[in-house]
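Before any comments, here is the structure.
The values are calculated or read from the model by the stated rules, or taken from the named source; none is laboratory data. None of the values given here were measured: they were computed from a predicted structure. Note that each Cβ is placed from the backbone with ideal geometry, even for glycine, and that neighbours are counted across all protein chains shown. Side chains included, ligands, DNA and RNA excluded: accessible areas come from the protein's heavy atoms. Shrake-Rupley method; radii C 1.70, N 1.55, O 1.52, S 1.80 Å.
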Amino acid sequence: MTSVDRSAFITGITGQDGAYLAQLLLAKGYKVYGLSPRRSNSDINLARLEWLGIARDVELLDGDMTDLSSLIRALQTANPTEVYNLAAQSFVKTSWDQPLLTGQVTGLGAANLLEAVRLIKPDARFYQASTSEMYGLIQEPMQSETTPFYPRSPYAVAKLYAHWLTVNYRESFGLFACSGILFNHESPLRGLEFVTRKVTDGVARIKLGLAKELRLGNIDAKRDWGHARDYVEAMWLMLQQETADDFVIATGRTTTVRDMCKIAFEAAGLAIDEHLVIDPAFFRPAEVEVLLGNPSKAHQKLGWEATTSLETMIREMYEADLARLRQLNH
Ligand code: NAP
Ligand code: GDD
């Protein structure tokens, strides 16, 4: 198949991963379609695609993960060879405040899309954005594809349903359906509510005299953090294999929130102890204390490995926030 024959339909194209994945696929010569839910301000919604300079290169199709008919219409129009399901209510803390919405979008939304694929384009290759959050209360010190799951939030429970449904549609209907179990991945395009971006934005604000303190919750939590640009490459690789399978995508290194913060404060030349405040408002009803992924299978079968260190990524994010805030406050 030549690159011009290849087309992709991405749900969640306006999010962090959707934007990087669209950029990757456009560079490979794909025709890229994205699902566009109704929002009151399309300027804000397109900000990430604009930042990457690709907003005009993708074709957006109206639709919402909770509306099966809109997914059917979008797939009929796009007729894609590959479908990437990245749409979700993806902020873990919000999932305790909006558990039903999270279930509808993140869990049943995947069911809607799998049904639409099964009805309209059963030969399309399907990618499901699964997550290390499914390991939750970890059952093994290093988590791989065979580690049992123990979700700890309504978000993780919804994702676990979507993960098993993806496996089930592969086994039941022969769909080429893959589940990528991705550990945390970040970038300058990360939402401001997630801890890495909150930290790099917060430290940049302190540096510019726009804020005095940074308020965080559980800084003892440990995460396996990689760069989103590396991780969307793994999504694409999964759909290029001979058979559909599930893969853990991770760096194999885990770091506390505290040590991640230190990297940002050091980049700014600031003393962490003078600015960091622990605020119980940011603690969660149930915490995932530590995540550490084993990416061996992805390395062996996909030839994939993470290329960006946490230090490099946090500095990149801090510099991007500093530049953006300088421009805004000029
Ligand atoms: P994100 O930035 O929060 O993007 C989520 C996307 O979903 C946005 O484009 C959003 O559109 C869209 N969306 C939300 N509700 C929708 C609905 N009802 N109908 C259609 N679209 C809807 O997330 P991300 O960091 O790029 O992550 C991409 C996917 O990977 C998510 O499924 C996430 O759960 C999963 N994941 C992420 C990580 C990570 O560390 N980043 C790790 C593992 C798995 P609006 O912007 O218009 O709301
Ligand atoms: N957001 C946030 N804000 N997190 C904080 C804060 C704070 O002020 N203080 C400490 N943390 C801790 C959280 O309690 C958690 O243990 C850790 O920092 C990471 O939080 P997030 O960045 O919000 O990410 P997450 O790990 O909960 O979820 C992200 O990664 C998952 C993959 O493991 C999201 O992208 C999910 O969608 C994704 O599935």
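Worth a mention:
- Protection proxy ranking, highest mean first, for peptides 79-88, 306-315, 164-173: 79-88, 306-315, 164-173, where packing is the per-residue count of other beta-carbon atoms within 10 Å, averaged.
- Prolate/oblate/rounded label for the stretch 190-330 (Cα gyration tensor, a/c 1.5): prolate
- Paramagnetic reach from Gln327 in the stretch 184-198 [backbone N under 20 Å; point 7 Å along Cα→Cβ]: 187-193, 197-198
- Computed over the chain, the alpha-carbon pair-distance distribution with 20 angstrom bins reads 32, 59, 9, each value a whole percent.
- Selected from Gly209, Gly29, Gly191 as most flexible by GNM, with the chain as the system and alpha-carbon contacts under 10 Å: Gly209
- Percent of Cα-Cα distances greater than 15 Å, calculated over the stretch 59-158: 64 percent
- Among 61-71, 13-23, sorting by the average number of other beta carbon atoms lying within 10 angstrom of each residue, highest first, gives 13-23, 61-71.
- 1.4 Å probe accessible area per residue over the stretch 230-273, in Å²: 38 Å²
- With a simple spin-label model that places each label point 7 Å from the Cα along the Cα-to-Cβ direction, the separation between Thr307 and Asp220 comes to 3.8 nm.
- Taking label points 7 Å from Cα along the Cα-to-Cβ direction, Leu52 and Phe282 give a separation of 2.7 nm.
- Shape class for the stretch 102-213, computed from the alpha carbon gyration tensor (a ≥ b ≥ c): prolate, with a/c not under 1.5 and a/b above b/c.
- In the stretch 199-247, the trypsin sites (Lys or Arg not before Pro) that fall in loop regions by DSSP, at most 15 other Cβ within 10 Å: Lys212
- Spin-label pair Glu289/Ser40, simplified geometry with 7 Å Cα→Cβ offset, distance in nm: 4.3 nm
- Percent carbon-and-sulfur accessible area, the chain, ignoring ligands, DNA and RNA, probe 1.4 Å: 49 percent
- Taking 12 Å as the cut-off, the amide N atoms of the stretch 262-304 that come nearer than this to a point 7 Å along the Cα-to-beta-carbon line of Glu213 belong to 274-281.
- Efficiency of FRET between Ala271 and Ala27 - r from beta-carbon atoms, R0 51 angstrom, step 0.05: 0.75
- Sparse-neighbour loop sites [GluC sites (Glu not before Pro); the stretch 229-279; at most 14 other C-beta within 10 Å; DSSP]: Glu242
- Beta bridges by DSSP in the chain, antiparallel share as percent, to the nearest 5: 5 percent
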